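Visitor: Got a structure for you, questions after.
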Amino acid sequence: MNNFLHRILSALLVYGLLMLGTVLALAPLLWMLAASLMPPGEATDYPPRLWPSTVTFEHYAALFTRLDLGRYLLNSTLLAGAVTVISLFVNSMAGYAFAKFRFRYRDRLFRILLAAMVIPAQVAMLPLFLLLKQFGLINTYWGVIIPGMANIFGIFLIRQYLLAIPDSLLDAARMDGAGEFRIYWALVLPLCRPILVTLAIFTFMGAWNDFMWPLIVLTDSSMYTLPVALANLLGEHVQDTELMMAGSVLTVLPVLLLFVALQKYYIAGIMLGGMKG
Amino acid sequence: MTTGQERHATRGARAFLAPALLLIAVFFFLPVLAALLLSFTDFDIYALGDLERLRFVGLRNYLDLLQSPLFWTALGNTFYFVVVGGPLSVAVSLGAALLVNAPLTRFPGFFRAAFFLPVVTTLVAVAVVWRYLYHPHYGLLNYGLGLLGIDPIDWLGDPVWAMPAIILMAVWKNFGFNMIIFIAGLQNIPTPLYEAARIDGASGWRQFRHITLPLLGPTFLFVTLMTMIGYFQVFAEPYVMTRGGPANRTLSVVLLMYEEGFRWWNMGYASAAAFVLFVLILAGTALQLRLRRRDPE
Amino acid sequence: MLSSPRLLFIAAWLALWLTGCDSGAGHAVTVEFWAMGQEGEQVKALLPEFERRHPGIRVRVQQIPWSAAHEKLLTAHAGDAMPDAFQLGNTWIPEFVALRAIEPLDQRLRGWSEAALADYFPGILATNRLAGQTFALPWYVDTRLFFYRGDLLAAAGFPEPPVTWDGWLRAMAALKAQGGGERYAILLPIDEWQLPVILALQRGATLLRDRDQYGNFRDPRFRDAFTFYLHLFARGLAPPVGNTQMANLYREFASGAFAIYVSGPWNIGEFGRRLPAALQPHWNTAPLPNFTDSLSSPAGKRVETSTVGVSLAGGASLALSRDSPRREAAWLLLEFLAEPEQQARFYQLTGDLPARQLAWNDPALIGNRHAQAFREQLRHLRATPPIPEWERIASRIAYYAELAIRQELSADEALAALDRDVDRILEKRRWLLRRGLVP
């Protein structure tokens, strides 16, 4: 009996904490959604409203018609997409080389790269800006894409994954006379598919959520990404809570959907990165 | 393996490595090196207009930094964020992982996803949301506290509460990531160990203390290191929430660097700040690794 | 899951999108013009007339948000991505002159009649001139004065707004006494530098000394003004809150949480739009009160002078990029926007007050009772020191003022620290002056 009571209590405790955690984790997001549907002024009512008195989509309409949010949505999608596609190729090639080739200084080179992950990206930011200026890349989409094209963490992830794949597979292909690039394209890439998807999500979300670099590089407002546009909107419309919430929903929603759709891969990738680290 | 094959392999490796290494060298290592050089000059708005107005100043930027109360404020705030926010974030992550991974828990996938959602959200967007949640008059948070009989707190306006408010938001945003890593670590602990302990009559706490924690060691190290490195670089949270205010209580080193570098164009000074931060992160990493090594567990 | 051909297709499409943007626009000259916030939005309405008069010129307006405008212009200059013509805050002019980013206009202004130049508010035009050269044309003006609740002030026994510091203090004390704990007399965001500087200028302080090479904040006149400012908070007349804490300023003004607010012309329109209709007859604007030396007047008798206290010569100007190949066309745009008729139209569109006095004869402006105080105030202006470092110095003033308000530093400690910081900021300027590298 005592044991039974103990189990009931533990279950209550565990579920109580889980529910509390879920509420705390989701509340800000749900309130954001609710506030975005409220008529102007209602989000700053007191006592605070949790739900709109009447649901209105006027703020979403205003964002798209008056504030050009569609354009920023497109920019963000295409920029994040470009960074993702290009970096997948670059990083997978390098990861493949580190995992499956023997060459001088391989391990030393890899260790240097790993150590460099400690350097805050901000250190490089100022000169990188001046460098891109030399190349004429300021205020271009390429200025945003190029610094994201190679990523040490991505290389690391691919390498870890490929280490677990037996060399014999590749050797067999080599015996058949396949060229190196063909082996990479037709054999290695398909083998890497799960980790590539993980890396793709990582990269896409990172690029989508990136704020500081696009803010600095893109001077032309028609090229802004969503987070930059949102921060700008905040400066002009800070009093329009509901409008800001609608903008936030639109910024967050695409990545949330992407995560929900592909969470299996995403979480597998974090575990891989975390465990072998 | 024959030398011929090896040479062949080297050539192949070169072709595969070249794009990534070239990009990293040109767009990362080169700028880092340049930043180091820049930090010994007084590159500013005058120099930008005319390079004749650039001076080599040796270590003066570093000395100025060390003498600047603002830098010490920023450093203090950053340490506050790392020392309070870091462990809090790790603890919440571990707690969440233990809950999700508990044998009792049904639908762990649902809870895992719910806890993880804040991680994938765009910081700029959720910071906007939190600004409203924190509002002293209309904010939900103070309303909730009011129901508990607690007086309203001016979260982002009161110098005492601003940093805790930023930390709270950062923990909310980040704990899911580390939670996943902890779950992976927990799942790697063989269940027979727990069964044996239970037969020996060890309580839940003792099992946690003597089995879970020690075996989670490497994961723990990884998580604390990554969290510390990330938290040292805190920027976007205060940038969007408070712009470093009130009274610079949420000004972080990276935010200071941004303001100096891109608002006032004191590139030399800002670069020096970046390097001081780098050295600090390096020292922090080394310290943690050292502590780890001394600890036999 | 992406298959390889589909990946390639996406890559190719991206490449097209990345390179294919901006395919020229016929043979007309296109002038790139950056303007900020709502100005950027509204100025578009003036342009059809300009393009009708100059068929060979097209204007592309880019709207940049005020909050990031300064950083944006600097990065654009550093990145060689400057527009042909742009709006800038007039306190930024020295910075962009130091950067050699803007073209002096004196050659082009020779075509102007003297009356046209004299038509600008003199205090405003002065901020566009540096070392004898004119670098920008004033577009609209901005200065700060009182927005107040006439009903609350009258109820406290002051039917007219105060004109001296003494009267102002008495009015505030009465407002506070009447409203009880929930009311403050005045709202002064503690993270702003403007009011302490205005008070110091009224007190006759010079902010910097020796050709603007050193801070002069421990000067007794600045110190007096600063202590006066701190008293407003210490006596509970002003709440110690900053800008980020005001989620709904207008609602709080309407509820009577404070009765006076020191602000600029943009709030004429905002107050009109956002305050409830019942309150509309009760709010008003007034020029700032003036410092009067009560010590030198006979004891017990306060001399109420009618002079207006000085305020800041703010506003936005229009400048030409030095490196622009389309400066001729861009200049035509600047001249067009400087015409009194366009200035008046622009006022109707935005509520921004015209820099040309002729435009103030427009019926719409004469009919705006809230604008009249500005007209008066605009004749009593002082400029901040015309050096590129000013914005940084101003941010230091705001910082130390906030610390002093929060009583983390005493007034003297704050001013000493301010002088020290400012002297350090100005070190480069001193070196450049010694070398003759800046005028």
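Visitor: Mind giving me the nanometre distance, one decimal, between the label points for A:Ile165 and C:Arg211, set 7 Å out from Cα along Cα→Cβ?
Guide: Placing both labels 7 Å beyond Cα along the Cβ direction yields 7.0 nm.
Visitor: Just how far, in whole angstrom, is segment B:180-214 from segment A:151-176 if you go by their alpha carbon centroids?
Guide: 34
Visitor: If a/c stays under 1.5 just call it rounded; otherwise compare a/b with b/c (prolate if a/b is bigger, oblate if not). Do that for chain B, with a ≥ b ≥ c from the square roots of the Cα gyration tensor eigenvalues.
Guide: Oblate, because a/c is 1.5 or more while a/b does not exceed b/c.
Visitor: Whole Å is fine, so just give me how far the alpha carbon centre of segment A:89-120 lies from that of segment C:213-265.
Guide: Centre-to-centre (Cα) distance: 57 Å.
Visitor: Only Lys, Arg, Asp and Glu count, each charged at its Cβ (+1, +1, -1, -1), so figure out the dipole size of segment B:22-294 about its Cα centre, rounded to 20 debye.
Guide: 900
Visitor: Hey, another quick one. Under a Cβ-only charge scheme (Lys and Arg +1, Asp and Glu -1), can you give me the dipole magnitude of segment A:21-124 about the Cα centre, in debye to the nearest 20?
Guide: Using only the charged Cβ atoms, the result is roughly 1020 debye.
Visitor: Whole Å is fine, so just give me how far the alpha carbon centre of segment C:84-132 lies from that of segment A:6-67.
Guide: 51
Visitor: Using a Förster distance of 45 angstrom, determine the FRET efficiency expected from the C-beta separation of A:Asp176 and B:Gln288, and round it to 0.05.
Guide: Working from the Cβ atoms, E equals 0.40.
Visitor: Ok, one more. May I ask you to sort C:Ser263, B:Ser93 by Cβ crowding, counting other Cβ atoms within 10 Å and putting the fewest first? Numbers along the way, then the final one.
Guide: On the way: C:Ser263 19, B:Ser93 24.
Going from least to most buried by this count: C:Ser263, B:Ser93.
Visitor: Then there's this: Net charge within 15 Å of A:Ile216 by Cβ-Cβ distance, Lys/Arg positive one each and Asp/Glu negative one each, not counting A:Ile216 itself?
Guide: Net charge around A:Ile216: -3.
Visitor: Now, a different point. Over chain C, with a Gaussian network built from C-alpha contacts below 10 Å, which listed residue (C:Asp224, C:Asp210, C:Asp166) shows the highest mean-square fluctuation?
Guide: Its mean-square fluctuation being the largest, the pick is C:Asp210.
Visitor: For the residue pair C:Arg100 and B:Arg263, what label-to-label distance in nm results when each label sits 7 Å from Cα along the Cα-to-beta-carbon direction?
Guide: So the label points at C:Arg100 and B:Arg263 sit 2.9 nm apart.
Visitor: How much length, in nm to one decimal, is gained on full extension between B:Leu213 and B:Ala196, taken as 0.36 nm per residue of separation minus their Cα-Cα distance? Please report the intermediate quantities before stating the final value.
Guide: Numbers: separation 17, 0.36 × 17 = 6.12 nm, distance 1.65 nm.
Extra length from B:Leu213 to B:Ala196 when fully extended: 4.5 nm.
Visitor: 222 nm [θ] for chain A, helices only, -39500 (n - 2.57) per DSSP H run of 4+, per residue, to 500?
Guide: Calculated mean residue ellipticity at 222 nm is -23500 deg cm²/dmol.
Visitor: Please give the FRET efficiency for B:Arg206 paired with B:Val160, using the beta carbon to beta carbon distance and R0 = 41 Å, rounded to the nearest 0.05.
Guide: 0.60
Visitor: Running a GNM on chain C with Cα contacts under 10 Å, which residue among C:Glu182, C:Glu335, C:Glu413 ends up with the highest mean-square fluctuation?
Guide: Residue with maximal mean-square fluctuation among C:Glu182, C:Glu335, C:Glu413: C:Glu182.
Visitor: Counting only chymotrypsin sites (Phe, Trp or Tyr not before Pro) that are in a DSSP loop and have at most 15 other C-beta atoms within 10 Å, tell me the longest site-free stretch of chain A.
Guide: A:136-277
Visitor: Please give the FRET efficiency for A:Trp51 paired with C:Ala278, using the beta carbon to beta carbon distance and R0 = 25 Å, rounded to the nearest 0.05.
Guide: The formula returns an efficiency of 0.30 here.
Visitor: Once you order the gyration tensor axes a ≥ b ≥ c over the Cα atoms, which shape class does chain A get: rounded for a/c under 1.5, otherwise prolate or oblate by comparing a/b with b/c?
Guide: oblate
Visitor: Note down the net charge around C:Thr285, summing +1 for each Lys or Arg and -1 for each Asp or Glu among other residues with Cβ under 11 Å from its Cβ.
Guide: Counting the neighbours of C:Thr285, the net charge comes to +2.
Visitor: Which one, C:Ala330, C:Ala359, C:Ala174, has the greatest fluctuation when you compute a Gaussian network model over chain C with C-alpha springs under 10 angstrom?
Guide: C:Ala174
Visitor: Let me ask something additional. Can you list the HN-Hα couplings for segment B:232-240, worked out from phi with the Karplus curve (6.51, -1.76, 1.60; θ = phi - 60°), rounded to whole Hz and with x for Gly and Pro?
Guide: 4, 9, 4, 9, 5, 4, x, 4, 7
Visitor: Continuing with the same structure: What trypsin sites (Lys or Arg not before Pro) does segment A:1-80 have in DSSP loop regions with at most 10 other beta carbons within 10 Å?
Guide: For trypsin sites (Lys or Arg not before Pro) across segment A:1-80 that sit outside H, G, I, E and B with at most 10 neighbouring Cβ atoms in 10 Å, the list reads A:Arg66.
Visitor: So the label point goes 7 Å from the Cα of A:Leu20 along Cα→C-beta, right? Which residues of segment B:123-160 then have their backbone N under 16 Å from it?
Guide: Within reach of a label on A:Leu20: B:145, B:148.
Visitor: From the phi of every residue in segment B:14-21, what ³J(HN,Hα) in whole Hz does the Karplus formula 6.51 cos²θ - 1.76 cosθ + 1.60 yield, where θ is phi - 60° and glycine or proline is x?
Guide: Running phi through 6.51 cos²θ - 1.76 cosθ + 1.60 with θ = phi - 60° gives 4, 5, 6, 7, 3, x, 5, 5 Hz.
Visitor: Pull out a ≥ b ≥ c, the square roots of the eigenvalues of the alpha-carbon gyration tensor of segment C:60-137, then state rounded if a/c is under 1.5, prolate if not and a/b is larger than b/c, and oblate in the remaining case.
Guide: It is prolate, given that a/c is not under 1.5 and a/b is the larger ratio.
Visitor: Okay, moving on. Is there a simple number for the mean count of other chain Cβ atoms within 10 Å of the Cβ of residues in A:197-205, and what is it? Before the final figure, lay out each step's value.
Guide: Numbers: counts 2, 0, 0, 1, 1, 0, 0, 0, 4.
Partner Cβ neighbours, averaged per residue: 1.
Visitor: How much net charge surrounds A:Tyr266 when only the other residues with a Cβ under 15 Å from the Cβ of A:Tyr266 are counted, with Lys and Arg +1 and Asp and Glu -1?
Guide: Combined, the nearby Lys, Arg, Asp and Glu give +3.
Quick note: the coordinates plus some simple rules give every number you see, no bench work behind them. These numbers were taken from a predicted model, which means no experiment stands behind them. Methodologically, a virtual Cβ is constructed for each residue, glycine included, from the backbone with ideal geometry; neighbour enumeration extends over all protein chains shown.
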